Amino acid sequence: MRQRVMHHGARRRRERRRRAVWTGGELLVTVGVVLLLLVVHQLWWTNREAREGAQRRVEALEREWGRGGGAASGTAAGSGSPSDAPSAAASPPQSAAGRGALATAPGPPDSTAPAPDLSQAYAVLSIPRLHLRVPVAEGVGKQSVLNKGYVGHYPGTEQPGRAGNFALAGHRNTHGEPFRYVNRLAPGDTVRVETRSAVYTYAVDRTLRQTSARDSGVIRPIPRSTVHPAHGYTAPGYYLTLTTCTPEYTSRYRLVVWGKLVSMRPR
């Protein structure tokens, strides 16, 4: 019986193929682990880090304002204009359907305060239905504001309590994701904005489930979608606009929630 002769060249080729397969497998495992770590970092660590930082900033603002229990007591502060900030006295409690822009009345004590510096946290946004309480900072830069877990105020839109549109943006996923569940808000749900001098309460009025990321009409003084003109308003008022990305884990479109000011209570 003849024995098969294995040449050394053939052995070396088989050994090289074996090593290549082994090395490729190790690389795939390594890439998989790295990708898993990146997912964990984005979906867990950035949320934890941003939420803790945002909570610390809320507590710091409360200390600056001389209040330690704003969340429990409902107290807050704000800025306004003597000629256009409405007061609670000008608007008795109304049903959700009857809520609208309020009559003008004297503003709170710091109505002449300068506009906040870019990236400065100067207010606290509270949405009881979502158990949310986060800082509001000037600007919508990712690194300087949104990735910190803050809600950002669109420069050029009005400040809380003033006639026009107080427009805000926030992440829906990762980095604290403060607006993760804004799609759950329904007409009549309340949104509070607390600043140094007053508490402003808005009532959710309507929602635009999806529009273009470039639909600038939703944050105009009289908010109205330029992509979906049937959605929005036609008359001046005291508006609140919340914007975030949609669908989840994408930034292709925007989800918009609008509200109207229903009361202002000075500190």
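The values are calculated or read from the model by the stated rules, or taken from the named source; none is laboratory data. All figures in this text were calculated on a predicted structure; none of them were measured in a lab. Note: ideal-geometry Cβ built from the backbone for every residue, glycine included; neighbour counts use all protein chains shown.
At-a-glance table
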quantity: Cross-chain or 6+ apart pairs with Cβ under 6 Å, region 249-267 first and modelled with pLDDT of 95 or more, then aromatic (Phe, Trp, Tyr) and crowded, with 22+ Cβ neighbours inside 10 Å; calculated: 259/202; 261/202; 261/238; 264/200
quantity: Residue 164 being at pLDDT 95 or above, at positive phi and surrounded by fewer than 24 Cβ atoms within 10 Å (Cβ to Cβ); calculated: yes
quantity: Test for residue 52: is it at pLDDT 75 or above and part of a helix (DSSP H, G or I); calculated: yes
quantity: Of all residues making up region 216-243, the number that are in contact (Cβ under 8 Å) with a residue 40 or more places away in the chain and in contact with a helix residue (DSSP H, G or I) (Cβ under 6 Å, 6 or more places away or on another chain); calculated: 2
quantity: Which numbered condition residue 146 fails, given (1) without any contact (Cβ under 8 Å) to a residue 60 or more places away in the chain; (2) in contact with a Ser or Thr (Cβ under 7 Å, 6 or more places away or on another chain); (3) crowded, with 20+ Cβ neighbours inside 10 Å; calculated: (2)
quantity: Check on residue 175, under 11 Å from the mean Cα position of the chain (by Cα) and at pLDDT below 95; calculated: yes
quantity: Flag if residue 135 is touching a residue at least 60 places away in the same chain (Cβ under 8 Å), not basic (Lys, Arg) and not in a loop (DSSP other than H, G, I, E, B); calculated: yes
quantity: Failed item in (1) over 18 Å from the mean Cα position of the chain (by Cα); (2) closer than 17 Å to residue 166 by Cα, with residue 201 passing the rest; calculated: (1)
quantity: Qualifying residue in region 234-250 (condition: charged (D, E, K, R) and either farther than 24 Å from residue 266 by Cβ or touching a Lys or Arg at 6+ places or on another chain (Cβ under 8 Å) (or both)); calculated: yes
quantity: For residue 165: the one exception among (1) among the polar types (S, T, N, Q); (2) in a loop (DSSP other than H, G, I, E, B); (3) in contact with a helix residue (DSSP H, G or I) (Cβ under 8 Å, 6 or more places away or on another chain); calculated: (2)
quantity: Evaluation of residue 153 against (1) more than 24 Å from residue 266 (Cβ to Cβ); (2) modelled with pLDDT of 95 or more (one fails), failing number; calculated: (1)
quantity: Residue check, residue 253 surrounded by fewer than 22 Cβ atoms within 10 Å (Cβ to Cβ), among the aromatic types (Phe, Trp, Tyr) and more than 20 Å from the chain's Cα centre (by Cα); calculated: no
quantity: Residue satisfying all of: in region 179-201; within 11 Å of residue 127 (Cβ to Cβ) and touching a Phe, Trp or Tyr at 6+ places or on another chain (Cβ under 8 Å); surrounded by the fewest Cβ atoms within 10 Å (Cβ to Cβ) among these; calculated: 190
quantity: Sole residue being farther than 21 Å from residue 155 by Cα and among the aromatic types (Phe, Trp, Tyr), chosen from 249, 200; calculated: 249
quantity: Candidate set: region 226-255, residues that are outside any loop (DSSP other than H, G, I, E, B) and in contact with a Gly (Cβ under 9 Å, 6 or more places away or on another chain); chosen: the one farthest from residue 162 (Cα to Cα); calculated: 244
quantity: Any hit, region 174-181, residues being more than 23 Å from residue 51 (Cα to Cα) and in a loop (DSSP other than H, G, I, E, B); calculated: no
quantity: The one condition in (1) under 18 Å from the mean Cα position of the chain (by Cα); (2) surrounded by 15 or more Cβ atoms within 10 Å (Cβ to Cβ) that residue 217 fails to fulfil; calculated: (1)
